[in-house]
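The values are calculated or read from the model by the stated rules, or taken from the named source; none is laboratory data. Predicted model only: the values in this text are computed from it and were never measured. For neighbour counting, all protein chains shown are included, and Cβ atoms are generated from backbone atoms with ideal geometry for every residue, glycine included.
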Amino acid sequence: MDLQDAVGYLASALVLATFCMRDMAALRVLAIASNLAFIAYGALAGIGPVLLLHALLLPLNAVRLAQAAWPNLRRPRPRRSDEVSDPRPQSP
């Protein structure tokens with residue numbers, strides 16, 4: 001088995017392992033590893049579509065991992081206090 005095949009099998013094994021994960025953060029870590037392995041495989045084998053797909057999936061998995069690790073990243077930022085309107089009626 002040459003290096004190209006070994007990297008391809010590694011990438012495939014990592015994808016298979018992602019289906020065994022119950023924890024979202026662990027799944028994303030393995031998905032990132034598989035993206036990196038498939039990027040290497042696509043480059044070594046000259047398979048543009050595989051390389052392109054995993055180059056696009058890599059940042060997506062990184063963002064989703066960050067969101068799982070730091071849930072506050074999903075919350076919209078609060079508006080400045082001078083922009084916040086008070087829904088209560090004003091008394092004279």
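Miscellaneous remarks
- In the stretch 12-53, the residue that is surrounded by the most Cβ atoms within 10 Å (Cβ to Cβ) out of those that are in contact (Cβ under 8 Å) with a residue 40 or more places away in the chain and closer than 25 Å to Met1 by Cα is Leu44.
- Restricting the search to helices (runs of 4 or more DSSP H) fully inside the chain and requiring at least 1 residues that are modelled with pLDDT of 90 or more, aromatic (Phe, Trp, Tyr) and within 15 Å of the chain's Cα centre (by Cα) gives 24-45.
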